[in-house]
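One structure follows; several queries about it will come next.
The values are calculated or read from the model by the stated rules, or taken from the named source; none is laboratory data. Nothing here was measured: the structure is a model prediction, and the numbers come from that model. In this analysis, Cβ positions are derived from the backbone assuming ideal geometry, glycine residues included, and neighbour counts consider all displayed protein chains.
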Amino acid sequence: MKPSNIIQSAALWALALAAACEPVSAQADFNSGSTGSFGALVVDETTATNSVRTIALPPDGILNCTTINIVSGYQLKFTGNAANTPVYLLATGDVTLDGYIYVDGSSHIGRRGGAGGPGGFDGGQGGTDPANGFGPGGGKGGWGAYSTPPAGTSYSGGGGYGTRGTETTTGGSVYGNSLLIPLVGGSGGGGKGDSTMENQYGGGGGGGAILVASNTKISSNYGSIYANGGYTPYYGGGSGGAIRLVSPKVTGNAYLYVAGSQGGGFGRIRVDSLSNALNVVGGSEAYASFGANMVVFPANLPDIRIANAAGTAIAATRTDPVFVLLPAGAPATQTVQVQVKNFNSVVPLVAVVTPEAGNRTTFNFDVNNTSGGTATGSVEVQIPAGVSTRIDVWTR
């Protein structure tokens, strides 16, 4: 039965295989891909208000700069776009990171889950039937009080990403890869409920994702990039996000933060350079990897797209995830159709159905893409009626 409404409101991610892009050990003329159309990005006393410059991200999240200079003591923040893409700061010239850049996940607002940072995923809603956090590593909803959970229940889980969220049965899973290709942020924590209204809090939002690339050099004199998970009391915090730096030369000392909050797992850090002399500090350095994979946007990257959900076609031009609202009395069994491309193999997939209240459900299926190009497949899922429900499809 065709749903009465489909809402598109955040980024869709195909968590493609790391093998889609082989590491490059040397490249004489690295190109970040910047067109220079944004001009010089400067954050200092002439461009900041109360030491903060906030930039609204374009639909693709890409700022095509000539040079980038974040002066010490000044902050760069972003207003996310409709698809909540990651931030891509690309430069044809030098990048100087001496100040602060923020792509953190947001804290909960009462029972509402915190928003994911750019490229990250939202926290689950709190209440009597708390929701799971969003994202591949979304934490499960659970008990919210700072006391022993009743029999048969568990504390809400923190979002996972580079490491698992805490709580044995409710913590979010590990996903992604150390190359940060594709670039994706952290997952939201589970919402919280209890027998009273007192501890019914939303989960924290997952930390965002940011890539900084320069044709020439990235340097930092103890500058900072924050991609931490969002806060919520007790348990159910968002996981940390993702930070990637790519340039022929990367030098100096940088505070790079991808910590989870309140049980959220750590995110991921990646530095790719032909001459790396960067010292990563700040407490998240154990979750950093280093290499020389001098690629920003790999060609022919594998992709997954939801083509139809519960009888409604999804335009190929849309990058937002799909939210379905079935009318009362609609059958729970619905079909999700997907298109995959450039995997060149049988693709193991999982459809994830996450209602705004209660637990998510998952449905495994495979699509044969051994001939390359684009292939289509479908899976039957169970969608509750009368509840706004998000549909995601990822590799498993």
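I'm checking my understanding of the structure. Among residues of the stretch 226-278 that are under 21 Å from Ser32 (Cα atoms) and of a type in the set (Ser, Thr, Tyr), which one is surrounded by the most Cβ atoms within 10 Å (Cβ to Cβ)?
Ser247
To continue, here is another question. Somewhere in the stretch 291-302, is a residue of a type outside the set (Ser, Thr, Tyr), out of contact with any Ser or Thr (no Cβ under 9 Å at 6 or more places or on another chain), farther than 30 Å from Ser219 by Cβ and in contact (Cβ under 8 Å) with a residue 12 or more places away in the chain?
The answer is yes, given that some residue of the stretch 291-302 is of a type outside the set (Ser, Thr, Tyr), out of contact with any Ser or Thr (no Cβ under 9 Å at 6 or more places or on another chain), farther than 30 Å from Ser219 by Cβ and in contact (Cβ under 8 Å) with a residue 12 or more places away in the chain.
For the stretch 19-27, does any single residue satisfy the condition of being assigned to a loop (DSSP other than H, G, I, E, B), under 19 Å from Asp94 (Cα atoms) and at pLDDT below 95?
Yes, some residue in the stretch 19-27 is assigned to a loop (DSSP other than H, G, I, E, B), under 19 Å from Asp94 (Cα atoms) and at pLDDT below 95.
It is to be established whether one or more residues within the stretch 215-222 are more than 23 Å from the chain's Cα centre (by Cα), without any contact (Cβ under 8 Å) to a residue 40 or more places away in the chain and in the same structural domain as Gly252 (by TED's automatic domain parsing).
For the stretch 215-222, residues more than 23 Å from the chain's Cα centre (by Cα), without any contact (Cβ under 8 Å) to a residue 40 or more places away in the chain and in the same structural domain as Gly252 (by TED's automatic domain parsing): absent.
Considering each of Val367, Val353, Val387 in turn, give the residue that is surrounded by 17 or more Cβ atoms within 10 Å (Cβ to Cβ) and either in the same structural domain as Asp129 (by TED's automatic domain parsing) or under 23 Å from Lys140 (Cα atoms) (or both).
Going through Val367, Val353, Val387 in turn, just one is surrounded by 17 or more Cβ atoms within 10 Å (Cβ to Cβ) and either in the same structural domain as Asp129 (by TED's automatic domain parsing) or under 23 Å from Lys140 (Cα atoms) (or both): Val353.
Suppose the filter is surrounded by fewer than 17 Cβ atoms within 10 Å (Cβ to Cβ) and not acidic (Asp, Glu); does Arg360 pass it?
no
Another one. Which ones in the stretch 239-265 are over 19 Å from the mean Cα position of the chain (by Cα) and polar (S, T, N, Q)?
The answer is Ser247, Thr251, Asn253.
Another question about this same structure. Answer yes or no: is there a residue in the stretch 56-66 that is part of a strand (DSSP E or B), out of contact with any Leu (no Cβ under 6 Å at 6 or more places or on another chain) and either charged (D, E, K, R) or farther than 24 Å from Leu179 by Cβ (or both).
yes
Inspect the stretch 49-65 for any residue being under 15 Å from the mean Cα position of the chain (by Cα), within 24 Å of Arg244 (Cβ to Cβ), touching a residue at least 40 places away in the same chain (Cβ under 8 Å) and assigned by TED's automatic domain parsing to the domain that holds Gly185 and give the result as yes or no.
Taking the stretch 49-65 as the starting set, the residues that turn out to be under 15 Å from the mean Cα position of the chain (by Cα) are 60-61.
Still in the running and within 24 Å of Arg244 (Cβ to Cβ): 60-61.
Next, only the ones that are touching a residue at least 40 places away in the same chain (Cβ under 8 Å) stay: 61.
Subset that is assigned by TED's automatic domain parsing to the domain that holds Gly185: 61.
Yes, the stretch 49-65 contains at least one residue that is under 15 Å from the mean Cα position of the chain (by Cα), within 24 Å of Arg244 (Cβ to Cβ), touching a residue at least 40 places away in the same chain (Cβ under 8 Å) and assigned by TED's automatic domain parsing to the domain that holds Gly185.
Continuing with this model, one more query. It is to be established whether one or more residues within the stretch 54-65 are within 15 Å of Ile225 (Cα to Cα) and either of a type in the set (A, V, I, L, M, F, W, C) or in contact with a helix residue (DSSP H, G or I) (Cβ under 8 Å, 6 or more places away or on another chain) (or both).
No: the stretch 54-65 contains no residue that is within 15 Å of Ile225 (Cα to Cα) and either of a type in the set (A, V, I, L, M, F, W, C) or in contact with a helix residue (DSSP H, G or I) (Cβ under 8 Å, 6 or more places away or on another chain) (or both).
May I ask you to list pairs of residues, at least six apart or on different chains, whose Cβ atoms are under 8 Å apart, with the first in the stretch 155-183 being on the phi > 0 side of the Ramachandran plot and the second being in a loop (DSSP other than H, G, I, E, B) and aliphatic (A, V, I, L, M)?
From residues that are on the phi > 0 side of the Ramachandran plot, the pairs are Gly176/Leu15; Gly176/Val184.
Could you please let me know if Val367 is more than 30 Å from Thr216 (Cβ to Cβ), in a strand (DSSP E or B) and either within 20 Å of the chain's Cα centre (by Cα) or touching a residue at least 40 places away in the same chain (Cβ under 8 Å) (or both)?
No, not satisfied.
Against the condition crowded, with 24+ Cβ neighbours inside 10 Å, of a type in the set (Val, Ile, Thr) and either at pLDDT 95 or above or over 21 Å from Val280 (Cβ atoms) (or both), how does Val174 come out, does it pass?
Taking the combined requirement at face value, the residue does not satisfy it.
Limited to the stretch 327-364, what total is found for residues that are on the phi > 0 side of the Ramachandran plot and under 26 Å from the mean Cα position of the chain (by Cα)?
Looking only at that region, the number is 3.
Condition first: assigned to a helix (DSSP H, G or I) and acidic (Asp, Glu). Now tell me which residues in the stretch 261-292 satisfy that.
Hit for the stretch 261-292 is Glu285, nothing else.
Could I ask something else about it? Would you mind telling me which numbered condition in (1) in contact (Cβ under 8 Å) with a residue 60 or more places away in the chain; (2) within 30 Å of Leu256 (Cα to Cα) Ala277 fails?
Exception for Ala277: condition (1).
Might you check whether a residue that is closer than 19 Å to Pro130 by Cβ, charged (D, E, K, R), touching a Ser or Thr at 6+ places or on another chain (Cβ under 8 Å) and surrounded by fewer than 24 Cβ atoms within 10 Å (Cβ to Cβ) occurs anywhere in the stretch 192-207?
For the stretch 192-207, residues closer than 19 Å to Pro130 by Cβ, charged (D, E, K, R), touching a Ser or Thr at 6+ places or on another chain (Cβ under 8 Å) and surrounded by fewer than 24 Cβ atoms within 10 Å (Cβ to Cβ): absent.
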